[in-house]
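Since the structure comes first, as structure tokens, the remarks are kept for the end.
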Amino acid sequence: MERDVIIACDFANKEDLFNFLKPFKGLNPYLKIGMELFYSAGPEMIKELKELGFKIFLDLKLCDIPNTVEKAMRNIAKLGVDITNVHASGGIKMMEAAKRGLEGTNTKLIAVTILTSLDDEALKNELDIVKPVKEVVLDYATNAKKAGLDGIVCSPLEANIAKKLNLISVTPGIRLAGDAKGDQKRVTTPNDAYNLGSTYIVVGRSITASLNPVEQYLRCVKEFKNE
């Protein structure tokens, strides 16, 4: 099974991103480009990164009526990204529409289940969801499977759910041992994620805020691939 470490590039602008990437020359790590950077630098930056040989997870978490999401995905399809996503909470028809928007491409489509910043208490008290996180992730993952998606976004603690459904799992909420959790609730180390069956792990501040990001990246790769 393909497994990889994806760096969460939560930078304010393209200049900061490319300065961060300079020491990685020759490594070409998998990059997650989220809303902050995409809204700043736009589609042209994605095309440039692809031309440079980077794999891209475009993390825009689309969630709208099916027609709108399908049309948005048609534009994302032109960028040639490797993975992109929607919110599973948008329902099966929306996910099916997103999949149609990517027809003719090799882009994997995955569905966000429950954000790793949320836990059982937040679901109950803020979102009026009485089921525990794992049950909600299972429900959303099952819907993603029905809609023909390739996988889900979840914490490594729920990666086994994706595995049982033959879906890939992209798992944020990763911290190296000793690092602060920040705004994440459901957190594991790269090695824990390996043991739990994650397909991809998304690592942000443990790499991007480090004085030696390349060293930290290689450490994550080693731990996650259990080398």
Task: Three-way shape label, the chain, alpha-carbon gyration tensor, a/c 1.5 - done: oblate
TODO: Sort the stretch 15-131 into rounded, prolate or oblate with this rule: let a ≥ b ≥ c be the square roots of the eigenvalues of the Cα gyration tensor; rounded if a/c is under 1.5, and if a/c is not under 1.5, prolate when a/b is larger than b/c, oblate otherwise.
DONE: oblate
- [ ] Label the stretch 118-223 by shape, choosing from rounded, prolate and oblate, from the square roots a ≥ b ≥ c of the eigenvalues of the Cα gyration tensor; if a/c is under 1.5 it is rounded, and otherwise prolate applies when a/b is larger than b/c, oblate when it is not.
- [x] oblate
- [ ] Could you pull out which residues in the stretch 36-69 have an amide N less than 19 Å from a spot 7 Å beyond the Cα of residue 210, following the Cα-Cβ vector?
- [x] 55
Open item on the list: Can you list which of the DSSP-assigned H helices in the chain have a Cα extent of 24 Å or more along the long axis and an average Kyte-Doolittle score of at least 1.6?
Closed with: none
TODO: Would you give the gap between the C-alpha center of the stretch 71-123 and the C-alpha center of the stretch 197-227, rounded to a whole Å?
DONE: 24 Å
Task: Residue exposure sequence - 150, 16 - by fewest surrounding Cβ within 10 Å - done: 16, 150
Open item on the list: Using the basic label-point model (7 angstrom from Cα toward the beta carbon), what is the residue 177 to residue 89 distance in nanometres?
Closed with: 3.5 nm
- [ ] Please identify, among 170, 81, 136, the residue showing maximal mean-square fluctuation in a Gaussian network model of the chain using a 10 angstrom Cα cutoff.
- [x] 136
TODO: Could you tell me the number of lysine pairs in the stretch 52-102 with C-alpha atoms less than 16 Å from each other, where the two lysines are 8 or more residues apart or belong to different chains?
DONE: 7
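Throughout, read-outs are computed from the coordinates displayed, never taken from laboratory work. These numbers come from a predicted model, not from an experiment. Ideal geometry is used to build each Cβ from the backbone, glycine not excepted, and the neighbour counts take in all protein chains shown.
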